[in-house]
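A short worksheet on the structure shown next.
Every number here is computed from the coordinates shown, using simple stated rules; none is lab data. Predicted model, so just to flag it, every value in this text is computed and none were measured. Cβ atoms come from the backbone with ideal geometry, glycine included; neighbour counts cover every protein chain shown.
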């Protein structure tokens, strides 16, 4: 099911529940009820709870967005390091250079075609990807430079392979969900409390009040959906992409 379809259903359901409860409550109110008798302390508490929950939502959105940005940055660093290996191997003999570039392309192809989907589905890396990167490292480290020029290029190549391995590890750590379950419990409970408090203000069936209640509940549903969508940097709609690999290795 599409994430946007899930969002539409969630927002529509939130509006429907709030409006249904509002209409049912109004049918049970007697003719002698006075809506102006809402205590000031309840209005103050409702406002403060709304403010606190807005801060929590803002922090949650900022946290998952930062995690997504970090995941995208790790992809960029990994692709850039492998690109440097591919380019700097130019000083090596044709046989060695060809082997390094072939193994780098094989790793990049595997990451884009296979490992990316595995990360989205399972939230971790694959052993095959680790083996392919290990082969690239072996290609670089096993060669013994025969000239000063090759010797000067050797250590930077080793460093770039290490940088790619480090970025790959960071990508693996970002592959799963970033929000703990207890945080989700707090967010959902806070949403229920915040939306439920609008009934303490004795909301009526006037079109303006019903519209505001529906929009408010839909907004809460949208913000929760936004956090959920960002929570898996590689697995959902607004996810980190493999664009750095595709940009630096257009032939893959």
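In this structure, residue 146 and residue 59 have a Cβ-Cβ separation that, at R0 = 41 Å, corresponds to a calculated FRET efficiency of about 0.10.
Within the listed set 84, 43, 95, the Gaussian network model of the chain (springs between alpha-carbon atoms below 10 Å) gives the highest mean-square fluctuation for 95. Comparing 185, 230, 216 in a Gaussian network model of the chain (Cα springs below 10 Å), the most mobile by mean-square fluctuation is 185.
Remark: relative contact order (the chain) = 40 percent; criterion is Cα-Cα distance under 8 angstrom and separation of 6 or more residues. Compactness of the chain was expressed as the Cα radius of gyration divided by 2.2 N^0.38 Å, which yields 1.52.
Estimated from the Cβ-Cβ distance and a Förster radius of 51 angstrom, the FRET efficiency linking residue 106 and residue 69 is about 0.95.
Measuring nothing but how far apart in sequence close Cα pairs (under 8 Å, 6+ apart) lie, relative to its length, region 80-202 scores a relative contact order of 32 percent. In the chain, the DSSP-assigned H stretches of four residues or longer account for a calculated mean residue ellipticity at 222 nm of -25500 deg cm²/dmol, using -39500 (n - 2.57) per stretch and the full residue count as denominator. Distance between the modelled labels on residue 130 and residue 166, one decimal in nanometres: 2.0 nm (7 Å Cα→Cβ projection). Note on the chain: GNM, Cα springs under 10 Å; of 80, 135, 152, the largest mean-square fluctuation is that of 152.
When ranked by the protection proxy of mean other Cβ atoms within 10 Å per residue, highest first, what sequence do the peptides 54-61, 142-149 form?
Numbers: 54-61: 14.9, 142-149: 11.5.
Per-residue Cβ counts within 10 Å, averaged per peptide and sorted highest first, yield 54-61, 142-149.
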